[in-house]
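Have a look at the structure below before the remarks.
The values are calculated or read from the model by the stated rules, or taken from the named source; none is laboratory data. Everything numeric here is computed off the predicted structure, so don't read it as measured data. Reconstructed Cβ throughout: ideal geometry from the backbone, glycine too, with neighbour counts over all protein chains shown.
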Amino acid sequence: MKPSYAPPFTAHAIARRHLLALGAGAFLPLSARAARPARVRIVEQFGLTSLLWHVARAQRYIEQEGRADGLDIEIEWSRLSGGSAVNEALLSGAVDVAHIGVGPTLLLWDRTLGRQNFKAFAALGTMPQYLLSNRPGVRSIRDLTDQDRIAVVSTASQQARTLQLAAAQAFGTDQYARFDRLLVTIPHTEAVAALASGKGGITAHFSNAPFQYQQLKQPGVTRILSSYDVLGGPTSSVLAVTSERFRGANPGAYRALQRALAQASRFVAANKRQAAEIYLRAENSSVPPADVLAFLEDPEIDYGVVPRNTERLATFLHQAKVLKNEPRSWKDYFFEDLHGVQGS
């Protein structure tokens with residue numbers, strides 16, 4: 001059975017479709033329901049942070065790994081923009097699995113601790129995220145003023161949390177929210193156009209690949225911050241997450257997801273040109289193939305599934321009282337089957 005792919009949906013629409021599907025299934029005989037394949041609902045986001053999902057879908061790794069355990073897996077794909085929308089879809093039960101930034105993952109873990117218990121089960125790569133500006137004279141975050149408007153996908157996104165940490169480092173912990181009033185929430189694709197045109201007052205954009213690399217080719221756009229500078233080196237930017245309930249009720253599908261992402265990681269490392277082609281088809285992107293390949297060959301980029309350098313942001317968010325619960329290490333917000341790896 002081929003995996004289905006759905007266009008972008010709101011979390012409400014996904015939830016409504018899920019309820020309709022459940023209602024239809026209620027009238028099937030028990031034998032028919034028992035024969036159904038395991039169903040996994042995965043939500044992606046836009047950009048190269050979704051590359052491992054794209055590869056896993058194109059190569060049918062999830063289905064293959066399921067069959068290796070005697071399990072038929074049916075996958076329902078959908079797409080949303082921003083950690084807040086994805087978290088809403090997860091919390092509503094509209095989807096089972098997603099990838100979100102480390103910051104949104106920590107917030108989800110904190111808010112569901114002792115209840116749904118959402119945690120990460122894999123990293124989806126290590127890559128820098130850039131804060132760019134088109135305003136002359138802006139060379140660092142110290143130059144940002146009330147004249148600026150900074151585009152982010154969500155005020156709780158990985159980029160927004162990284163900016164808070166950068167503000168705390170530059171101006172003191174009590175000033176971590178210094179730039180919150182300047183944030184404007186719009187999708188990355190719209191922010192690219194806004195920064196290029198100057199419309200809407202957008203003077204800065206904190207995003208990820210490939211958007212940031214496209215924008216750096218625009219006249220007058222400069223990089224004023226890298227997430228690697230703030231976080232002290234290469235850092236996992238996004239994590240694959242699910243609930244304790246899904247993991248417990250679907251152990252075979254859960255294992256298949258983990259193994260499929262590991263397979264996709266190895267594929268990207270060994271087949272960068274083909275991975276770039278898969279990405280461009282999946283995103284229906286007009287980005288030149290050479291640009292995507294250059295990104296994948298960048299030594300700053302690694303699509304490993306082992307978490308790297310996530311604890312600094314976790315510690316800061318607790319100190320800033322964004323998190324009620326203090327993570328003692330990365331193992332608190334990752335499921336225990338990953339605790340044997342050398343993560344951080």
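Brief remarks on what is shown
- Residues in segment 14-45 that are at pLDDT 85 or above and under 23 Å from the mean Cα position of the chain (by Cα): 7 in all.
- Considering segment 286-299, and only residues there that are of a type outside the set (A, V, I, L, M) and in contact with a Pro (Cβ under 7 Å, 6 or more places away or on another chain), the residue that is surrounded by the fewest Cβ atoms within 10 Å (Cβ to Cβ) turns out to be 291.
- Out of 277, 311, 300, 283, sole residue that is modelled with pLDDT of 95 or more, within 20 Å of residue 238 (Cα to Cα) and either of a type in the set (S, T, N, Q) or assigned by TED's automatic domain parsing to the domain that holds residue 55 (or both): 311
- Residue that is farthest from residue 51 (Cα to Cα) [pool: residues in segment 283-333 that are aliphatic (A, V, I, L, M) and assigned to a helix (DSSP H, G or I)]: 317
- When 55, 95, 86 are checked against the criterion of being surrounded by 23 or more Cβ atoms within 10 Å (Cβ to Cβ), within 17 Å of the chain's Cα centre (by Cα), within 21 Å of residue 212 (Cβ to Cβ) and in contact (Cβ under 8 Å) with a residue 12 or more places away in the chain, 86 stands alone in meeting it.
- Screening segment 111-133 for residues that are more than 18 Å from the chain's Cα centre (by Cα) and crowded, with 21+ Cβ neighbours inside 10 Å and picking the one that is farthest from residue 268 (Cα to Cα) gives 133.
- If you go through segment 213-222 and keep only what is under 12 Å from residue 133 (Cβ atoms) and either basic (Lys, Arg) or not in a loop (DSSP other than H, G, I, E, B) (or both), you end up with 215, 222.
- Qualifying residue in segment 268-285 (condition: in contact with a strand residue (DSSP E or B) (Cβ under 6 Å, 6 or more places away or on another chain) and surrounded by fewer than 21 Cβ atoms within 10 Å (Cβ to Cβ)): no
- Residues (part of a helix (DSSP H, G or I) and either surrounded by fewer than 23 Cβ atoms within 10 Å (Cβ to Cβ) or without any contact (Cβ under 8 Å) to a residue 40 or more places away in the chain (or both)) located in segment 183-206: 189, 190, 192, 193, 194, 196, 197, 199, 200, 201
- On the stretch given as segment 134-165, residues that are of a type in the set (A, V, I, L, M), surrounded by 24 or more Cβ atoms within 10 Å (Cβ to Cβ) and closer than 13 Å to residue 229 by Cα total 1.
Table: residues versus (1) assigned to a loop (DSSP other than H, G, I, E, B); (2) free of Cβ contacts under 8 Å to residues at least 60 places away in the same chain; (3) more than 27 Å from residue 241 (Cβ to Cβ).
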residue: 120; (1), (2), (3): no, no, no
residue: 154; (1), (2), (3): yes, no, no
residue: 165; (1), (2), (3): no, no, no
residue: 170; (1), (2), (3): no, yes, yes
residue: 181; (1), (2), (3): no, yes, yes
residue: 208; (1), (2), (3): yes, no, no
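- Residue list for segment 229-251, restricted to those being touching a strand residue (DSSP E or B) at 6+ places or on another chain (Cβ under 9 Å) and not in a strand (DSSP E or B): 234, 235, 237, 244, 246, 247, 250
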